[in-house]
Amino acid sequence: MDVSTAVRERRSIRRFLRKKVPEAALAEMAQAARLAPTANNRQPLRFVIADEAALCARIFAHTRWAALAPEAGPDESTQPAAYIAILVDKTVRQQADADAGAAAMSMLLTAQAQGLASCWLGALEREPLLSLLRQDAARYALHSLVALGYPAMRSRAVEARRGETAYYLEEPDSLCVPKRAASDVIVWIGGETWSET
């Protein structure tokens, strides 16, 4: 799958099949995150992979899903099969939102290219999650989680109507994600003909 296709087709999926994600796929996502851009090449991020079923169930208990469309969120039978936590090493940098965003997107696109579903989560109970992930809270801050698995639902981008961006279920397992029109968010300046000299 080329990058443009992965970008167009990738949507956040919130319901997953009960099927283990191969370790090689998780390792490839973590590698993609490790190689993502980072400010001043400081590399303050750490990535923790969790794919054991009992641990994933305990992690799930400390996450919040689909606030705008709660009926689209997972239940006990459709929880993620794995998580990759994005941590910030506070001895390197106190805050790393841009780095974490680049790392997360690298993981999401890598997951899409492998036929996996993903959802980037920020609504978390961070203190208990750091404990579950066996990480030192004095040194590491939990930025976010990427939930992973095989999709048990569909999600697609649709044109936003009258500026409305709240997502909605079209069918029980088909989520629509309204996107603003390109003409509303992309601005071209210039446009002169360029010539090489």
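Note on the chain: with a GNM built from Cα contacts shorter than 10 Å, the maximum mean-square fluctuation among PRO44, PRO22, PRO74 falls on PRO22.
Taken per residue, the accessible surface of the range 122-197 reaches 71 Å², heavy atoms only and a 1.4 Å probe. Here the chain is assigned +1 on the Cβ of each Lys and Arg and -1 on the Cβ of each Asp and Glu. Its dipole about the Cα centre then comes out at about 320 debye.
For the range 129-197, the carbon plus sulfur part of the accessible surface works out to 51%, probe radius 1.4 Å. Calculated FRET efficiency, ASP184 to ALA157, Cβ-Cβ distance, R0 = 22 Å: about 0.95 to the nearest 0.05.
Here, the range 33-191 has an Rg and a Dmax of 17.4, 56 Å when only alpha carbons are counted. When exposed loop sites are taken as chymotrypsin sites (Phe, Trp or Tyr not before Pro) in a DSSP loop with at most 15 other Cβ atoms within 10 Å, the longest stretch of the chain clear of them is 1-187. Just checking the listed ones, GLY149, GLY122, GLY163: in the Gaussian network model of the chain with Cα springs under 10 Å, the one fluctuating most is GLY163.
The values are calculated or read from the model by the stated rules, or taken from the named source; none is laboratory data. Keep in mind it's a predicted model, so treat the numbers as computed, not measured. Because the Cβ atoms are built from the backbone with ideal geometry, glycine has one as well, and the counts that use them run over all protein chains shown. Each accessible area value is taken on the protein alone, full model and side chains, heavy atoms only, with ligands, DNA and RNA left out. Shrake-Rupley method; radii C 1.70, N 1.55, O 1.52, S 1.80 Å.
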